[in-house]
Amino acid sequence: MNPLGEVLYLSRSDVENLDIPMDEIITIVEKAFLEKAQGKTEAPPKPGIHPRKDSFIHAMPAYIPRMKSAGLKWVSGFPDNRKRNLPYITGLLILNDLETGLPICIMDCSWITAKRTGAATAVAAKRLARENSRVLSILGCGVQGRSNLEALIVVCQNLERVRAYDIDRKNLNKYVNEMTAKYGLEVVATDSPRKALEGCDIVVTAGPILKHPKQTIEASWFPNGGFACPLDFDSFWKPNAMQSMDKFYTDDKEQLNYYKKQGYFLDVPEVYADLGEVISGEKLGREDSNERIMSMNLGLAIEDMATAIYVYKHAKKKKVGMWLPL
């Protein structure tokens, strides 16, 4: 337990400099999904406020008994931040002691949000993408475009080529250069979403979340046998594209239904299974190489708390961060 009356503060650089590998985060997130499937987590759908158009500030609490992790992520997404040279996603995460309820750690949540989201995509891809997937399409070349590529390389070891698209050409070129240098893959800039999707095996869309989106992707653009993971809800995908899927998954059916009541996902297919059911073996993943599959990953607080307790333990072990009085 932390010293009485004190809380460990971890800045963004503190968290990043722990340099926890992506493969470890994927394992952690996968275990959290299994706990969820067994009914051993507590994580209500995230409530939110919306100070500006297409912005959000969400409260994301979760409790994972086996991991001895409980806490809350208070996270915001403001699309116009890019005009101010600020990140789209910012926020804080608080961990609490399970015996007293006292806060034990306050940390920046940007790194955790990026990494656990990529890890969740990888967990889904392990079971829903074709084993021999070689071509990945990334639409939206920001933080999530980077973390999802990092995670997918871990589980899809046959990946050879990345087709990237972003509305900001400068951002797109930067992504191509950085990802080529970092991973040694063939990373190609495309000038339209349609060209990015041509011949892909996996597609990740990672733009801002819009309540009234101007969907772009048509059903005919998505190939048979493909796996899609939208991180931006239904902002990129036209209803006919989503309805064309042979199987439609999500990371949490309860949360998807909650968002429907908030005015999102007005025209999505019936959910075949959530990821926890697939990981536990209760429901099937990919059964045929020609299946068109989508997993609508909304982002769960259990992913954050599973990763955060791991970060906290590493920080204490390495004596990283600053102890502050409550």
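Only the coordinates and a few stated rules stand behind these numbers; no lab work does. As the structure is a computational prediction, the values presented were derived from the model and not from experiment. Heads up, the Cβs are rebuilt from the backbone with ideal geometry, glycines too, and the neighbour counts pull from every protein chain shown.
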Report summary line: Here the relative contact order (percent) of segment 130-299, from C-alpha pairs under 8 Å and at least 6 apart, is 21
Requested in this report: On a C-alpha basis, how far is the centre of segment 229-253 from the centre of segment 125-142 in Å? Whole number, if you could?
Outcome: 15
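So for Thr307, Thr216, fewest C-beta neighbours within 10 Å to most, what's the order? Walk me through the numbers before you get to the answer.
Details: Thr307 27, Thr216 18.
Fewest-to-most ranking of Thr307, Thr216: Thr216, Thr307.
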**Report entry** Positive-end residue of Val278, Gln262, Gln215, charge dipole of segment 130-299 with Cβ unit charges
**Finding:** Gln215
Query raised in the report: For segment 50-56, in order, what is each residue's ³J(HN,Hα) by Karplus, 6.51 cos²θ - 1.76 cosθ + 1.60 with θ = phi - 60°, in whole Hz (x at glycine and Pro)?
Result: 9, x, 9, 4, 6, 9, 8
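For segment 130-299, compute Rh as the Kirkwood radius over C-alpha pairs and then the Stokes-Einstein diffusion coefficient at 4 °C and 1.567 mPa s; write the answer in µm²/s, rounded to an integer.
D, rounded to a whole number, is 80 µm²/s.
Below 8 Å, C-alpha to C-alpha, sequence gap of six or more: please give me the relative contact order for segment 17-117 in percent. Could the numbers behind the result be given before it?
Working: 152 pairs, mean separation 18.6, N = 101.
Relative contact order of segment 17-117: 18 percent.
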Report task. Quote the charge dipole size of segment 150-262 about the Cα centre in Debye, to the nearest 20; the model charges only the Cβ of Lys and Arg (+1) and of Asp and Glu (-1). Result -> 360
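Listing Ser192, Ser235, Ser11 from the residue with the fewest other Cβ atoms within 10 Å to the one with the most, what is the order? Please list the in-between numbers first.
Values: Ser192 11, Ser235 22, Ser11 14.
Lowest count first: Ser192, Ser11, Ser235.
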Requested in this report: Set the Förster radius R0 to 30 Å, insert the Cβ-Cβ distance between Asn17 and Leu98 as r into 1/(1 + (r/R0)^6), and round the FRET efficiency to 0.05.
Outcome: 0.65
Report task. Note down the relative contact order for the chain as a percent, whole number, built from C-alpha pairs under 8 angstrom at least six residues apart. Result -> 22
Query raised in the report: According to a simple spin-label model (label point 7 Å from Cα along Cα-to-Cβ), what is the distance in nm between Arg161 and Lys195?
Result: 1.3
**Report entry** Share, in percent, of DSSP beta bridges within the chain that are antiparallel, nearest 5
**Finding:** 50
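Can you sort Glu160, Glu42, Glu99 by how many other beta carbons sit within 10 Å, fewest first?
On the way: Glu160 10, Glu42 14, Glu99 7.
The order, fewest Cβ neighbours first, is Glu99, Glu160, Glu42.
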Report summary line: For segment 112-232, whose charge dipole is built from +1 on Lys and Arg Cβ atoms and -1 on Asp and Glu Cβ atoms, the candidate among Ala181, Ala206, Ser192 with its Cα farthest towards the positive end is Ala206
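Normalised by the empirical 2.2 N^0.38 Å for globular proteins, what value does the Cα Rg of the chain take?
Values: Rg = 19.1 Å, N = 326, 2.2 N^0.38 = 19.8 Å.
Computed over Cα atoms of the chain, the ratio equals 0.96.
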Query raised in the report: Relative to the Cα centre, what is the charge dipole magnitude of segment 40-138, using +1 at the beta carbon of each Lys and Arg, -1 at the beta carbon of each Asp and Glu, and rounding to the nearest 20 debye?
Result: 480
Query raised in the report: Over segment 56-215, with a single point scatterer placed on each C-alpha, what log10 of the ratio I(q)/I(0) does the Debye formula yield at q = 0.10, 0.12, 0.20, 0.21 1/Å?
Result: -0.44, -0.61, -1.27, -1.34
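Treating the beta-carbon of each Lys and Arg as +1 and of each Asp and Glu as -1, no other charges, what is the dipole magnitude of the chain about its Cα centre, to the nearest 20 debye?
In debye, rounded to 20, the chain gives about 700.
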Report summary line: Karplus-derived 3J(HN,Hα) from phi for segment 142-158 (6.51 cos²θ - 1.76 cosθ + 1.60, θ = phi - 60°), whole Hz, x at Gly and Pro, runs x, 4, 5, x, 7, 5, 6, 5, 4, 6, 5, 4, 5, 9, 10, 7, 9
Report summary line: In order over segment 101-110: 3J(HN,Hα) from phi, Karplus 6.51/-1.76/1.60, θ = phi - 60°, whole Hz, x for each Gly or Pro, gives x, 5, x, 10, 7, 10, 9, 4, 9, 5
